[in-house]
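Colleague: Below: one structure in structure tokens.
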């Protein structure tokens, strides 16, 4: 009788643990990977860039000296040998219709990518940082084979605003410039003002 009672209690506990895991795991996955804690349509989101897509609500990271707006994008990068490297933030060039990213000292023009859309730009803010430090609310835009997370970095190079990534392990920010990859010790990191983000 006692053994049947123990078996019944054990089974009930197992079912309870299984239900808890099934409920909590999706919540944690959704929260950590997409930075989404609500369904507010004004939240920033990544949108696939297509021929007929509008940049009306694309987030503007700043303006170049010629008054051209600077847009943020991200793209998957696969090595020429077919090895997947990761997804990298970069600068959207609306004239060429490409996303400029950098990796391994080189610059790449990606034709398949997403751009950052923000109906309410007050949801995002730039925070000054350096040497790999990441402020509270840092927006993670991607990851690579050597880095778990890649925040969005902004810095100036030869009077131009560049958008790239922060490599915390190197304590540097990297971005694409003139067919190469440039780095910066001091940079700005794009952060969420209310820690909400929709993938």
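Colleague: Looking at 68, 93, 76, which is the one that is in contact with a strand residue (DSSP E or B) (Cβ under 9 Å, 6 or more places away or on another chain), surrounded by 12 or more Cβ atoms within 10 Å (Cβ to Cβ), free of Cβ contacts under 8 Å to residues at least 24 places away in the same chain and on the phi < 0 side of the Ramachandran plot? Full working, then the answer.
Modeller: Values: 68 fails: in contact with a strand residue (DSSP E or B) (Cβ under 9 Å, 6 or more places away or on another chain); 76 fails: free of Cβ contacts under 8 Å to residues at least 24 places away in the same chain.
The match here is 93.
Colleague: May I ask you to say which residue of 101, 87 is surrounded by 21 or more Cβ atoms within 10 Å (Cβ to Cβ), within 14 Å of the chain's Cα centre (by Cα) and within 24 Å of residue 191 (Cβ to Cβ)?
Modeller: Result of the check over 101, 87: 101.
Colleague: I've got another one for you. Quick check on the stretch 175-192. Is at least one of its residues in contact with a helix residue (DSSP H, G or I) (Cβ under 7 Å, 6 or more places away or on another chain) and surrounded by fewer than 20 Cβ atoms within 10 Å (Cβ to Cβ)?
Modeller: Filtering the stretch 175-192 down to residues in contact with a helix residue (DSSP H, G or I) (Cβ under 7 Å, 6 or more places away or on another chain) leaves 192.
Those still in the list that are surrounded by fewer than 20 Cβ atoms within 10 Å (Cβ to Cβ) too: 192.
Yes, there is a match, as at least one residue in the stretch 175-192 is in contact with a helix residue (DSSP H, G or I) (Cβ under 7 Å, 6 or more places away or on another chain) and surrounded by fewer than 20 Cβ atoms within 10 Å (Cβ to Cβ).
Colleague: Kindly indicate whether residue 161 is in the same structural domain as residue 127 (by TED's automatic domain parsing), surrounded by fewer than 22 Cβ atoms within 10 Å (Cβ to Cβ), in contact with a strand residue (DSSP E or B) (Cβ under 9 Å, 6 or more places away or on another chain) and within 17 Å of residue 124 (Cβ to Cβ).
Modeller: Details: in the same structural domain as residue 127 (by TED's automatic domain parsing): yes; surrounded by fewer than 22 Cβ atoms within 10 Å (Cβ to Cβ): yes; in contact with a strand residue (DSSP E or B) (Cβ under 9 Å, 6 or more places away or on another chain): yes; within 17 Å of residue 124 (Cβ to Cβ): yes.
For residue 161, the condition - in the same structural domain as residue 127 (by TED's automatic domain parsing), surrounded by fewer than 22 Cβ atoms within 10 Å (Cβ to Cβ), in contact with a strand residue (DSSP E or B) (Cβ under 9 Å, 6 or more places away or on another chain) and within 17 Å of residue 124 (Cβ to Cβ) - is met.
The values are calculated or read from the model by the stated rules, or taken from the named source; none is laboratory data. In this text, all values refer to a predicted model and were calculated from it rather than measured experimentally. Neighbour counts are summed over all protein chains in view; Cβ atoms, including those assigned to glycine, are modelled from backbone coordinates with ideal geometry.
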